Amino acid sequence: MTHVSLALAVLASGAAASLLAAKRRRTGLRIGMAAAGMAGVLCVLGGWNVLRGGETTRLAAEWPLALGGARLAVDGLSAWFLLVIGAVGVGASVYSWDYFDDADGYGPNGAYAPLFCTLIAAMVLVVCAADAVLFLVGWELMSVSAFFLVGFHDQDGEARRGAWTYLVATHLGTALGVVPVFAVFVARTGGTSIDGFRGAVGASEVAWCVVLFTLGVVGFGTKAGFMPFHVWLPAAHPVAPSPVSALMSGAVIKTGIYGLLRLVSWLPDLPAGCAVGLMIVSLVTGVMGILYALGQRQVKRMLAYSSVENIGIIGLAISVALLGRSLNRPELVAVGLGGALLHVLNHGLFKGLLFLSAGAVLHDTGTGDMERLGGLARRTPWNALAFLVGAVAICGLPPLNGFVSEFAIYTGILQGVVRLPNSYAALPASCAAALALIGGLALVAFSKTFSVMFLGARRDPSLTVHDTPPFMLAGMLILAAACVTGALGSGALVAAVSAALTPFAMEASGKTDTIAVALEPIGRLLRPLGVLIVVTIGLLVVRRRMAPGAAVGGAGGTWGCGYAFPARTMQYTGSSYGWKVMRCFRFVLRPLRRAPSLSTCFPMPGRLSTVTRDFAHERVYSPMFTWLARLFERLLPLQHGRIQLYLVYIVATVLIVFLVEGWTAPFSARPRNGAAMPGAAPSTGDDSIERGARGGMDQDG
Amino acid sequence: MLRSVMDSILILAALLNLAMLATSRMAACIRTFAVQSLLLALLPVAVGFSHDAAPGVHVFAIAAGTMGLKVLLIPWILLRVLRSGEIHREVEPFIGFTASVLLGALIIVASFAFADGMPLPSRAPTDLLVPVAVATLFNGLLILVSRAKAITQVLGYLVVENGVFVFGLLLLDQTPALVELGILLDLFVGVFIMGIVVYHIRREFDHMDTHLLDALRES
């Protein structure tokens, strides 16, 4: 707990100091980023301590508001998310140190570092809050600071639109899902401390359980990016500064998963239908996410869709756990949630890395359009390596950490197939099939992205490529090293993840070691792989030493299609590489493809274009918001700019309230009870309420 | 005896509202406000004595603060703005003077009718207190909505505050003096800033009509 409070203090002082130094932008930025990095390290250490120690630590402080309290508590689940936030935060803050030197032509205005610190602090608050009001304060702080960071390059209309989309989406989710959930719990328990929330809804109240769970999926799912609510990710992630995208995709969307898990830990065993519902949503999210990713040209937009896909994978694991819980199979709960949490951490690491690397590409070349890039591996080899590590990890290939968590999720799903009654076994079986499909599609998508950007020859010869600045590389290498460590140290992580399941311990009591047993093969698999990595690296070093600079391949280009004298235009484009797969799924993707018809022997020059549009955005949100905008335009005459009439509005409102109160008295307690009027209460404290009550009785007498 | 003093102060204050609505000269308007504030500044002392024989220091503190601020300082600032701004000294109402006074009188009658039904936290020291408070509040709002110039807006806001002040007397021995003084400080800062703003509006646009601000609306 000392770590967490220290981290919050460091973040606050870092934000303040960087504001004070805002005149000298570079200094301000570096002070703030140093603070954010330190706080990240503290979060990781604190989280790890709790996970090893396994006990909940608490902290309470004075709280100035009438509602709620400043109570923090770090249990296993919080600690696990602290780990994610800290790790991604360290990478992103080290990276930011150099990012703004001349990135995109905008220097940092003094706001970046304070907002960055605020965002990290808000996430720490969210995962550590032991009070509903404090949680909502942190949640809102997180949304708003992320909004300003996403719209940081606000000279760009696209960035403004992305930021607004994010703000609207997250607030709709908060208002329609998160706040009602907390309101129900607060009303049930009569207090805002979340310690009492568990058991506030009894197992017999099935309808309430379903309603709360649905609200949670809508509210927290909007933050996380489940499928009908995912539209803000592809809008906001590409336009944000890259370290912010890394933080958003690596950590912010995970707080949605955190909220969902927390909610599930408060609710009693849910009916199996809830688990099935979440499973279907996750399936659609995973498959459609990666399919949309395949159709993108902008690398950061593609990564955003891939985040949607990974949230789907995490959701699959959670739904298997829920299914196990409702059918009374505690070992499934442990394995499913363990897999989900492992994937939360690992996705944070490698998606953070990928976004940082994509940002480096953007920084070095000035464009994120894959079809203009190519051959960057020669010019910026370290960045290529970083992207490669991230891509291998995200595809779930051994020997990296993505493999570990996907293996864990597969284990959970397959255990479900074995252990669930026959009527339900088909569900996890179809999950396994979907996960396999997702994995294959991810491989296509990322092999496309990596090879189009880093291999072959540059497609747009007019691009100039700069070097990647050292601190940006350092930030990426931190996350890449974390990816490797996450795989090689998976034994320790698996042990730690069972400590993270403490909030669910009541149903998985005594079974928390099931996950360690279930995931034991990973250790056996990875140990020889570790040896293999060391040997490969050793061989590479030896080769460098023995024959420096000797080329391996022949004269032809790598993607030269067998031509001895290839031109750059002969290379595969990203779209053509992905088209084979896209065509198989055109019944759901509905890509727009305009191709020239080849009718004669000597066809004229033609243009071919393919565009993939997001169904939810195109068919649901876009028409809905256009309609709403038209509706609200009718209210525009009310805003005429005359102060006196505005005051009339206020006076009219006050009058109406007075009149309603005077006639029907809905806002005051019945005088018969001698209760105090609500109006007497504020700012006077308990004493005056008592006196007021006496006065009221006097009057009656 | 105390009761009749309080009642006469309250009735005078209510009548001064009407006087403010009827005055066409801005300086006179401000002076009327000062007189009203002076009368109201005496009220906390009277209410304090009606509660017990030796009231605490804080009723005197409130009376002194109100007097210093609303009777001397704020009118002085407003008159200075008036002079330095070389404003046309007419009030320029949207609603004519006669109509305003009639409306104001209607408001007073309505407040008396309305005050009976109002649930109160504690017993009022005199029956007139609540109706006059409500009447002053709504008369202030009437000034706010019916007058064009920025400086009359400030004045309307101050009259509203006077109404709230009278209302606050209900809670006199429950509200900490610190809160009351804090309100006074807020008021002072508010008027101070508005004075500066009014001055700048005049300097920029050569007039102080707020209704011309509608050029700033979003179209």
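Listed values, structure above:
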{"read-out": "Residue satisfying condition, being of a type outside the set (A, V, I, L, M) and surrounded by fewer than 19 Cβ atoms within 10 Å (Cβ to Cβ), within set B:65, B:56", "value": "B:56"}
{"read-out": "Out of A:162, A:91, A:177, sole residue that is closer than 30 Å to residue A:46 by Cα and in the same structural domain as residue A:227 (by TED's automatic domain parsing)", "value": "A:91"}
{"read-out": "Matching option when the condition is within 14 Å of another protein chain (Cβ to nearest Cβ), in contact (Cβ under 8 Å) with a residue 60 or more places away in the chain and out of contact with any Leu (no Cβ under 9 Å at 6 or more places or on another chain), among B:135, B:113", "value": "B:135"}
{"read-out": "Residue match in region A:414-430 (condition: at pLDDT 90 or above and hydroxyl-bearing (Ser, Thr, Tyr))", "value": "yes"}
{"read-out": "Which listed residue, of A:474, A:445, is in contact (Cβ under 8 Å) with a residue 40 or more places away in the chain, crowded, with 24+ Cβ neighbours inside 10 Å and either touching a helix residue (DSSP H, G or I) at 6+ places or on another chain (Cβ under 8 Å) or assigned to a loop (DSSP other than H, G, I, E, B) (or both)", "value": "A:445"}
{"read-out": "Conditions (1) in a helix (DSSP H, G or I); (2) surrounded by fewer than 19 Cβ atoms within 10 Å (Cβ to Cβ); (3) not acidic (Asp, Glu); number of the one not met by residue A:462", "value": "(1)"}
{"read-out": "Check on residue B:182, surrounded by fewer than 22 Cβ atoms within 10 Å (Cβ to Cβ) and modelled with pLDDT of 75 or more", "value": "no"}
{"read-out": "Count - residues of region A:319-331 that are surrounded by fewer than 24 Cβ atoms within 10 Å (Cβ to Cβ) and within 16 Å of residue A:405 (Cβ to Cβ)", "value": "0"}
{"read-out": "Output for region A:11-31, where each listed residue is outside any loop (DSSP other than H, G, I, E, B) and either under 24 Å from the mean Cα position of the chain (by Cα) or of a type in the set (Gly, Ala, Ser) (or both)", "value": "A:11, A:12, A:13, A:14, A:15, A:16, A:17, A:18, A:28"}
{"read-out": "Residue check, residue B:42 within 17 Å of the chain's Cα centre (by Cα) and surrounded by fewer than 17 Cβ atoms within 10 Å (Cβ to Cβ)", "value": "yes"}
{"read-out": "Scan of region A:595-619 for residues that are surrounded by 10 or more Cβ atoms within 10 Å (Cβ to Cβ) and among the aromatic types (Phe, Trp, Tyr), ordered by number", "value": "A:615"}
{"read-out": "Number of positions in region B:146-167 that are farther than 21 Å from residue B:195 by Cβ and within 11 Å of another protein chain (Cβ to nearest Cβ)", "value": "2"}
{"read-out": "Selection from region A:53-77 of residues that are in a helix (DSSP H, G or I) and at pLDDT below 85", "value": "A:53"}
{"read-out": "Criterion: assigned to a helix (DSSP H, G or I), farther than 19 Å from residue A:625 by Cβ and under 16 Å from the mean Cα position of the chain (by Cα) - qualifying residue of A:146, A:183", "value": "A:146"}
{"read-out": "Conditions (1) more than 21 Å from the chain's Cα centre (by Cα); (2) outside any loop (DSSP other than H, G, I, E, B); number of the one not met by residue A:191", "value": "(2)"}
{"read-out": "Matching residues in region A:620-641 - criterion: being surrounded by 12 or more Cβ atoms within 10 Å (Cβ to Cβ) and either more than 8 Å from chain B (Cβ to nearest Cβ) or touching a Ser or Thr at 6+ places or on another chain (Cβ under 8 Å) (or both)", "value": "A:620, A:621, A:622, A:625"}
{"read-out": "Residues being buried (at least 19 other Cβ atoms within 10 Å of the Cβ) and under 27 Å from residue A:113 (Cβ atoms) - total across region A:55-79", "value": "4"}
{"read-out": "Any helices (runs of 4 or more DSSP H) falling wholly within region A:196-253 and containing at least 2 residues that are over 30 Å from residue A:271 (Cβ atoms) and in the same structural domain as residue A:145 (by TED's automatic domain parsing)", "value": "A:232-236, A:242-247"}
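The values are calculated or read from the model by the stated rules, or taken from the named source; none is laboratory data. Please read all numbers here as calculations on a predicted model, not as lab measurements. Quick reminder, even Gly has a Cβ in these numbers, built from the backbone with ideal geometry, and neighbours come from all protein chains shown.
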